1. Quick one: count up the residues across region 198-245 that are farther than 23 Å from E21 by Cβ and touching a helix residue (DSSP H, G or I) at 6+ places or on another chain (Cβ under 6 Å).
2. When you scan region 209-221, do you find a residue that is of a type in the set (S, T, N, Q), within 23 Å of the chain's Cα centre (by Cα) and within 23 Å of G153 (Cα to Cα), even just one?
3. Return the residues of region 114-125 that are out of contact with any Leu (no Cβ under 6 Å at 6 or more places or on another chain) and more than 14 Å from D67 (Cα to Cα); say none if nothing qualifies.
4. Would you mind listing the helices (runs of 4 or more DSSP H) fully within region 183-246 where at least 2 residues are hydrophobic (A, V, I, L, M, F, W, C)?
5. Any idea which residue in region 140-165 is surrounded by the fewest Cβ atoms within 10 Å (Cβ to Cβ), counting only those that are among the charged types (D, E, K, R) and touching a helix residue (DSSP H, G or I) at 6+ places or on another chain (Cβ under 9 Å)?
6. Enumerate the pairs (first residue in region 196-219 and charged (D, E, K, R); second residue anywhere and surrounded by fewer than 17 Cβ atoms within 10 Å (Cβ to Cβ) and not in a helix (DSSP H, G or I)) with beta-carbon separation below 7 Å, excluding pairs fewer than 6 apart on the same chain, so at least 6 apart or on different chains.
7. Pick out the one residue from A54, A109 that is within 18 Å of R148 (Cα to Cα), modelled with pLDDT of 90 or more and within 17 Å of the chain's Cα centre (by Cα).
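The values are calculated or read from the model by the stated rules, or taken from the named source; none is laboratory data. Every value quoted in this text rests on a predicted model; they were computed, and no experiment measured them. FYI the Cβ positions are ideal-geometry reconstructions off the backbone, even for glycines, and counts take in every protein chain you see.
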Amino acid sequence: MSELEDALAAVADVEGWMTPEQAERLWTRARALGPGGHVVEIGSYHGRSAIVLAMAAPADAEIVAIDPHAGNDRGPQQIEGTADEGERDNAAFRANLTRAGVAERIRHARLPSQAALGEVGGEVDLLYVDGAHRYRPARDDIARWGARVRPGGRMLVHDSFSSIGVTLAILRLLLAGGEFAYVGRSGSLAEYRREPLGRRARLRNGLRQAAQLPWFLRNVVIKVLLLLRLRPLTRLLGHRSGDWPY
């Protein structure tokens, strides 16, 4: 069994919304980090992505997982929650990290992502954004944490071209921006590389991202049909499960 397969096996029973293809992209980027790499994850839930990052990153990498586990923004259609739900999420997160053998490798900042800006110093080599998916918090995560990514570093954003809030934040900050080059996506996990973009490169970069909008519209239609309990119609769009597309 390969190391990637070990990581996938370690998270097979961990609740979350990261597909195997998305886990592979995260694993590959973490694996490529140099000695002393700095990894920041925004939005950990039960630890599915944090475990993959920890199993892939160099042994001396600093890995910070940011999640307040406050009960809110827990997943699709779970914007409002309770403190008890947050405590259960935190307990599951810690238990899953321990079970996977990576608890000592990860520093948990149990804070909202913007409050954690002052608790995490230095540049970031690999940033994984999967926090609150409403427009304003998604915008702030991409803008403020993205500014911490070093030149040549990577930013990966989950629910890109799927969640309305996240997609609007991307369109606002990255579509015509000159600092992050769009690399590609695995489902809704979009990858960006921080590098300066000239005028022509910015145009090409914007067009590559705009080309994802038909897929975004498809996902919005699927979500509406699921809310209306018209699941059979989602199959006409190639969606075979009852879960929200991600």
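1. 2
2. yes
3. Matches in region 114-125: G118, G121, G122, E123, V124.
4. Here the list reads 199-210, 213-227.
5. Within region 140-165, the match that is surrounded by the fewest Cβ atoms within 10 Å (Cβ to Cβ) is R144.
6. Every condition considered, the pairs that remain are R202/A176; R202/G178.
7. A109
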